[in-house]
Every structure is written in C-alpha cells, then in structure tokens.
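Step one of this worksheet: look at the structure below.
The values are calculated or read from the model by the stated rules, or taken from the named source; none is laboratory data. Please read all numbers here as calculations on a predicted model, not as lab measurements. For neighbour counting, all protein chains shown are included, and Cβ atoms are generated from backbone atoms with ideal geometry for every residue, glycine included.
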2 protein chains.
Amino acid sequence: MAITLYELQGAKDIRFSPYAWRAKLALAHKGLAPDEIVPVKFTEKDKIAFSGQGRTPILVDGDKTVPDSWAIACYLEDAYPDRPSLFGGETGQGLAKFVNAYADGVLLGGIARQILWDVFQNVDPVDRDYFRETRQGRFGKTIEEIRDNRAGERPAWEAILTPLRATLKAQPFLSGEAPTYADYIVMGTFMWPRCTSAYPLLPQGDDPVRAWRERMLDLHAGLCRAAVGYEEDFGLAESA
Amino acid sequence: MAITLYELQGAKDIRFSPYAWRAKLALAHKGLAPDEIVPVKFTEKDKIAFSGQGRTPILVDGDKTVPDSWAIACYLEDAYPDRPSLFGGETGQGLAKFVNAYADGVLLGGIARQILWDVFQNVDPVDRDYFRETRQGRFGKTIEEIRDNRAGERPAWEAILTPLRATLKAQPFLSGEAPTYADYIVMGTFMWPRCTSAYPLLPQGDDPVRAWRERMLDLHAGLCRAAVGYEEDFGLAESA
C-alpha cells in the first residue's frame with residue numbers, strides 16, 4: 001500500500017515542523033519510507049481538507065487517513081505489529097504519552113520563547129501573517145518582544161531541561177538502552193530549532209542532552225542530520 | 001527471607017518521606033509486605049551506617065541491602081520477576097527514569113516552595129536544626145521566606161502540573177490503563193504534602209490529577225489512604 005505523508009512546508013522548502021519530524025522518525029523506526037511527502041503551507045487548508053481537520057502532519061496509508069503525530073505513532077504500532085515496536089508495550093505507550101505532554105506543554109514553549117523570531121524568518125512569506133497572528137495570540141506577546149527577551153528565558157529553560165538532562169546522564173536514550181517513540185517526540189521537538197535557528201539552546205561540551213541529540217541525528221541513516229535547515233542555506237538566524 | 005524497610009520518621013511517628021512511599025508502593029505492587037519497618041530520624045545516621053550511606057529508604061531483603069528508592073524498585077523487579085511488573089519492560093523502565101527525574105527535579109521542588117514550612121512542623125524536634133540547615137542551603141531562602149511567598153508560586157506550580165494533567169486527562173494512569181512504578185514515583189511525591197500540609201495544591205472539582213490521586217489512594221487496600229498525617233492527628237498546618 002502506498003504511504004503518503006503531508007508535512008508542513010516553510011520558506012524555501014524548509015521542513016521544520018516538530019510534529020512532522022516525530023512522524024518521519026516513527027515511520028523510519030518501523031522501516032517504512034513514505035512513497036510521497038506532500039508539502040503543505042500553513043494557509044493551504046484546502047490541500048488537507050480531505051482529512052476533516054486543518055493541521056499537518058497527516059499520514060495516508062492505503063485507505064487510512066490519520067492526522068496528528070501521536071495518533072500516527074499509535075496507528076503505526078497497531079498496523080505494523082511485526083516491525084520494531086515504537087512503544088515497547090502498554091506501559092511504554094502510557095509513559096510516552098507523558099513525554100508527549102511534557103514536550104508539547106513544556107519543552108516546545110520553552111524553545112519558542114527563545115527562537116520564535118528565528119522560526120518566523122523561516123516561515124513562507126505567504127504564511128507570515130497567519131503565523132504572527134496565531135503565535136502572538138498564544139504567547140500574548142509580539143514575536144519581536146519574545147526575541148528581545150530571550151536571554152531572560154535562560155533560567156526557566158535550564159529548569160525545563162532538568163529532567164531530560166538527569167535521565168540522559170543515567171542512560172543513553174530516554175527509553176533506556178535503545179530509542180523508541182518517546183525519544184522521537186523529544187528529538188522532533190529539537191528539530192524545530194535545528195532547522196530554523198543558530199541560537200545556542202544547549203551548552204557546548206559535556207552536556208548529556210547534546211550528546212543524546214548527536215546520537216539521534218545519526219539514527220536511521222542520518223535522517224535528521226540530513227535535514228536542510230538555515231545553517232546550510234540561509235544564515236538567517238545568526239544575526240537575530 | 002525477611003524483608004525490612006528503613007523509613008524516615010517525622011514528629012509523632014508521622015511518615016512523610018516521598019521516597020519511602022515509592023518503596024512501600026513498589027513492595028505492595030509486588031505483593032510483598034515488609035516484615036519490619038524501622039523508623040529512622042534524619043539525624044540517626046548511626047542506625048543506618050550498616051548500609052554504607054546516610055539516607056533512607058533502605059530495603060534489606062535477606063542478605064541484600066539496597067538503599068535509594070529507584071534502586072529498590074529496580075532490585076524488586078529483578079529479584080521478583082514472576083510477580084506483577086513494576087516497569088512493564090525495558091522501555092517502560094527507561095521512561096520511568098524520566099518520570100523519576102521529573103518528580104525529583106521539578107515536582108518535588110514545586111511542592112517544597114509551597115509547603116516546606118508545613119513539612120518543617122512535622123519534622124521531629126530533634127531533627128529541626130538539621131532540616132532547616134540542609135533545606136535552606138538547597139533553596140537559598142529561609143523556611144519562613146518560602147512560606148510567606150508561597151502564593152506567588154502558583155503560576156510556576158500550574159506549569160509544573162501541565163504534563164501530568166494532560167496525560168491524566170487522556171488516560172487513567174501515567175502508565176496507561178493500569179498503574180506501574182511511574183505512578184508510584186509521582187504518588188509517593190504527593191504523599192509528602194498529604195502527610196504534612198492542608199495547603200490546597202490541587203484544585204477542587206474536576207481536576208484530572210486530583211481524580212488520579214483518589215484512584216492511587218485506593219490502591220493496594222488503601223495503603224496510601226490509611227497513612228497517618230496531620231489531618232487526622234495534628235491540625236498543625238491549617239494555620240500556616
């Protein structure tokens with residue numbers, strides 16, 4: 001059966017969606033490669049109207065249409081039980097939900113409060129009004145105010161990293177000795193700044209989160225390391 | 001083999017250690033009841049010198065001595081593989097480590113910044129200088145300063161609860177459909193305020209974390225609900 005993934009598209013075809021990265025890593029873990037990846041801009045709602053909702057990523061696997069990164073992971077686990085497990089059983093799936101809640105409710109906001117302006121630079125020009133309006137509504141600040149205050153976010157950011165750092169000091173992956181979907185949730189989240197910003201979120205040197213991120217970049221034939229981002233193409237963010 | 005648990009003892013024999021609660025819940029999950037629970041005050045270091053370190057809880061199972069709540073859970077899982085699993089497999093164990101890091105590095109501090117004075121009231125008088133000195137060193141504030149600022153901690157506390165709340169809105173336990181050690185980690189942490197303070201950490205009514213806590217209080221024949229705390233005996237904290 002043909003697999004199609006609908007993925008958010010930024011400026012110059014950059015693909016920075018943390019949720020799409022989670023889905024791409026989940027597919028790779030199952031040994032599946034999408035036959036087609038369809039790029040979708042924020043405002044191209046017509047392109048994904050078939051899914052009955054307005055957000056990417058969306059997985060289409062044969063006659064199944066599955067929006068939402070968490071639902072995609074659960075679908076893949078059920079539909080491909082003979083391939084490597086994304087959750088390692090029911091308890092692992094339950095706890096991955098907690099990691100998902102931490103990534104969406106804590107980590108993503110902590111990153112946004114530092115690099116949202118950089119992301120904005122990588123949003124396709126046709127989507128910028130939409131992005132500004134929705135994000136400023138969410139944060140109650142302008143993108144420029146967020147940018148200008150980002151140094152002040154450092155103590156809160158360090159606190160946010162605490163549980164990741166302590167875990168990855170004790171074991172190589174969040175899931176233990178080998179990565180599972182919980183690692184992809186957090187790595188997908190870190191792909192968002194990686195593709196859009198030069199701002200140093202993780203300290204150089206001996207940081208356990210940075211070392212884990214390096215291991216994650218290498219997985220699945222370097223899927224994440226090969227991602228096109230500002231670094232290679234644009235150099236937009238350094239001067240932010 | 002005889003099982004002995006060394007557990008922190010507060011004023012009037014109150015048992016408020018979050019780490020001891022984790023160990024007691026882990027034992028109960030395995031269907032094991034300690035033959036003896038030995039109370040240990042903070043400053044009774046001589047009583048636990050045999051363990052080669054200075055903290056409770058300590059599990060002694062026959063000729064094995066295991067300090068540290070996380071190590072106790074891992075030991076029980078390995079030593080009693082035929083009894084109900086505490087982790088649900090390797091991925092579950094890996095992710096429980098993340099929950100442990102969240103509980104110790106985020107949740108416990110968030111609770112302390114609201115109820116540390118109440119805990120102090122429940123520390124045995126012989127331990128109070130020790131408790132004040134070590135805790136004030138950790139927080140960089142006096143216990144009274146922490147108490148007087150606790151209303152100001154509310155927004156940070158709500159943020160800390162976010163991932164718990166989102167997870168427990170989606171499923172009955174952190175581990176999914178049934179509780180495992182990850183639930184005990186967080187529940188043990190909540191037993192600390194339950195035994196020492198009347199301060200309302202969770203909203204009345206429809207809160208998913210409160211509803212989960214009620215379910216946890218009922219587990220293992222109401223082990224946690226039966227705990228003696230300030231509520232039944234002392235009424236110390238209400239006026240804090």
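Here the helices (runs of 4 or more DSSP H) wholly within the stretch A:1-113 that include at least 3 residues being of a type outside the set (D, E, K, R) and in the same structural domain as A:Phe139 (by TED's automatic domain parsing) are A:90-102.
Scanning the stretch B:87-114 for residues that are out of contact with any Pro (no Cβ under 6 Å at 6 or more places or on another chain), hydrophobic (A, V, I, L, M, F, W, C) and more than 9 Å from chain A (Cβ to nearest Cβ), we see that the one that is surrounded by the most Cβ atoms within 10 Å (Cβ to Cβ) is B:Leu107.
In the stretch A:168-201, the residue that is farthest from the other protein chains (Cβ to nearest Cβ) out of those that are surrounded by 16 or more Cβ atoms within 10 Å (Cβ to Cβ) and free of Cβ contacts under 8 Å to residues at least 12 places away in the same chain is A:Gln171.
Just so you know, in the stretch B:115-139 the residues that are of a type in the set (S, T, N, Q) and over 18 Å from the mean Cα position of the chain (by Cα) include one that is surrounded by the fewest Cβ atoms within 10 Å (Cβ to Cβ), and it is B:Thr134.
With the requirement that a residue be in a loop (DSSP other than H, G, I, E, B) and touching a residue at least 40 places away in the same chain (Cβ under 8 Å), what does the stretch A:203-217 give you? Step through it out loud before you land on a result.
Restricting attention to the stretch A:203-217, the residues satisfying the condition of being in a loop (DSSP other than H, G, I, E, B) are A:203-207.
Of everything in the stretch A:203-217, just one residue is in a loop (DSSP other than H, G, I, E, B) and touching a residue at least 40 places away in the same chain (Cβ under 8 Å), namely A:Asp207.
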